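**Student:** What follows is a structure written as structure tokens; I'll ask about it next.
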Amino acid sequence: MKSKAWKENFMRGVFFIAACASVLAVALICIFLFANGVPAMKEIGFFKFLSGEMWRPQNNIYGIFPMIIGSLYVTAGAILFGVPIGILTSVFMAKYCPKKIYKPLKSATELLAGIPSVVYGFFGLVVLVPWIREFGRTLKSMGLISSSGNGNSILTASLLLGMMILPTIIGVTESTIRAVPGHYYEGAVALGATHERAIFRVILPAARSGVVAGVVLGVGRAIGETMAVIMVAGNQARMPSGIFRGIRTLTANIVLEMGYAADLHRESLIATGVVLFVFILLINFCVALLNRRGSHE
């Protein structure tokens, strides 16, 4: 008995140390970011830094508003492309998919999550960029747009990020749909609903909190993506002027210039990381709020 109690206390201590290490890691990151980024914001000016439309480090002009808008644009585009496909795929896998093809389909979606970002970026650079370039030229020849760009654009980055968030949305949404009690579906069918109506009018609304949580997690993945976006977005630090024109995101801005930045330039890039960190905190807060609401329901 004493030996068993000693083992339990030892393992309790191990778990406590692991939990403290996780909290300490987050705390150190927060301290580093805010200790180095906030002074730069004060020196530049909070409003000037967040709303400035020009980024010229050589002239000590630091405005990240174009990068904020660029990040929001590509994230919104990724949601537009990825969320419908992800949710419909989850519904198919949970309620329609034959057993013979379920395992290969499940393996394929899980494989998408394991592909490195640089491979996604290379795929976008070799495949998506030429497609979007030709598509833009076709629209321009028809007189529908004034500038077709070179393929490195908001549209390309949105399509690529839409592909990258699919595993997150599919995994969470499918698990949530399967967690809905079976009597929800049975009751709907007993009342005369068709298979499709029972799924889309009863099952999906019942799984709403989990579906939204999956979407929000996908948004977090999209807004924090760096390497793939750098390879296809054009990396132009200017206000977006169309979906066929290039932009620069917050993450790309940090990665592209941190290697040679110094003094205020370096601190302003860390301040950019603070803004991105706040975005991620807001997303995680939304997920926690949705999970809490789902547990109450």
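The values are calculated or read from the model by the stated rules, or taken from the named source; none is laboratory data. Because the structure is a prediction, the values reported are computed rather than measured. So basically every Cβ, Gly included, is an ideal-geometry build from the backbone, and we count neighbours across all protein chains shown. Areas reflect the complete protein model, heavy atoms only, side chains present, ligands, DNA and RNA absent. Shrake-Rupley method; radii C 1.70, N 1.55, O 1.52, S 1.80 Å.
**Student:** Which value, in Å², gives the accessible area per residue of the chain when a 1.4 Å probe is used on the protein heavy atoms?
**Tutor:** Ligands and nucleic acids excluded, the figure is 55 Å² per residue.
**Student:** Let me ask another. Helix-only mean residue ellipticity at 222 nm, the chain, DSSP H runs n ≥ 4 weighted -39,500 (n - 2.57), per residue, nearest 500. What is it?
**Tutor:** Working: 14 runs with 215 residues, N = 297.
That comes out to -24000 deg cm²/dmol.
**Student:** If you don't mind, another one. Report the residue, chosen from Ala157, Ala271, Ala179, that carries the largest GNM mean-square fluctuation when the chain is represented by alpha-carbon nodes joined by springs under 10 Å.
**Tutor:** In this elastic network of the chain, the residue with the biggest mean-square fluctuation among Ala157, Ala271, Ala179 is Ala179.
**Student:** Between Ser147 and Leu264, what FRET efficiency comes out of the Förster formula 1/(1 + (r/R0)^6) with R0 = 45 Å and r the beta carbon distance, rounded to 0.05? Don't jump to the answer; show the numbers that get you there.
**Tutor:** Working: r = 35 Å, r/R0 = 0.77.
Working from the Cβ atoms, E equals 0.85.
**Student:** With a Cα-only, solvent-free Debye model of segment 45-163, what are the log10 I(q)/I(0) values at q = 0.11, 0.19 Å⁻¹?
**Tutor:** Each listed q corresponds, in turn, to -0.58, -1.10.
**Student:** In whole Å, what is the distance between the alpha-carbon centres of segment 1-34 and segment 135-195?
**Tutor:** 40 Å
**Student:** In nm, to one decimal, how far is the modelled label at Glu8 from the one at Phe285, with both set 7 Å along Cα→Cβ?
**Tutor:** For Glu8 paired with Phe285, the spin-label model returns 4.0 nm.
**Student:** Hydropathy first: keep DSSP H helices in the chain averaging at least -0.5 on Kyte-Doolittle, then drop any whose Cα extent along the axis falls short of 30 Å, and list what survives.
**Tutor:** Span-like helices, by this rule, are 2-44, 65-91, 263-296.
**Student:** Give the cross-link partners of Lys106 among the lysines, using a straight C-alpha distance below 22 Å as the criterion and excluding same-chain residues fewer than 8 apart.
**Tutor:** Lys95
**Student:** Counting only protein heavy atoms and using a 1.4 Å probe, what share of the accessible area of the chain belongs to carbon plus sulfur, as a whole percent?
**Tutor:** Of the solvent-accessible surface of the chain, carbon and sulfur hold 68 percent.
**Student:** Follow-up. Tell me which residues come under 5 Å, amide H to amide H, from Trp55 once H is placed; ignore anything under 5 positions away on its chain.
**Tutor:** HN-HN under 5 Å from Trp55: Gly63.
**Student:** Per residue and in cubic angstrom, what volume does the convex hull of the Cα atoms of the chain have?
**Tutor:** In the chain, the Cα hull volume divided by residue count equals 216 Å³.
**Student:** In segment 43-152, which GluC sites (Glu not before Pro) are in a loop and have at most 13 other Cβ atoms within 10 Å, using DSSP for the loop call?
**Tutor:** Answer in residue order: Glu53.
**Student:** Follow-up. Quick one: accessible surface of Leu264, probe radius 1.4 Å, all protein chains present, in square angstrom to the nearest 10.
**Tutor:** 40 Å²
**Student:** If I take R0 = 35 Å and measure r between the Cβ atoms of Ala179 and Phe135 in this structure, what FRET efficiency does the formula 1/(1 + (r/R0)^6) give, to the nearest 0.05?
**Tutor:** Working from the Cβ atoms, E equals 0.30.
**Student:** Which of Asn36, Tyr120, Met227 sits farthest toward the positive end of the charge dipole of the chain, with +1 on the Cβ of Lys and Arg and -1 on the Cβ of Asp and Glu?
**Tutor:** Among Asn36, Tyr120, Met227, the one farthest towards the positive end of the dipole of the chain is Tyr120.
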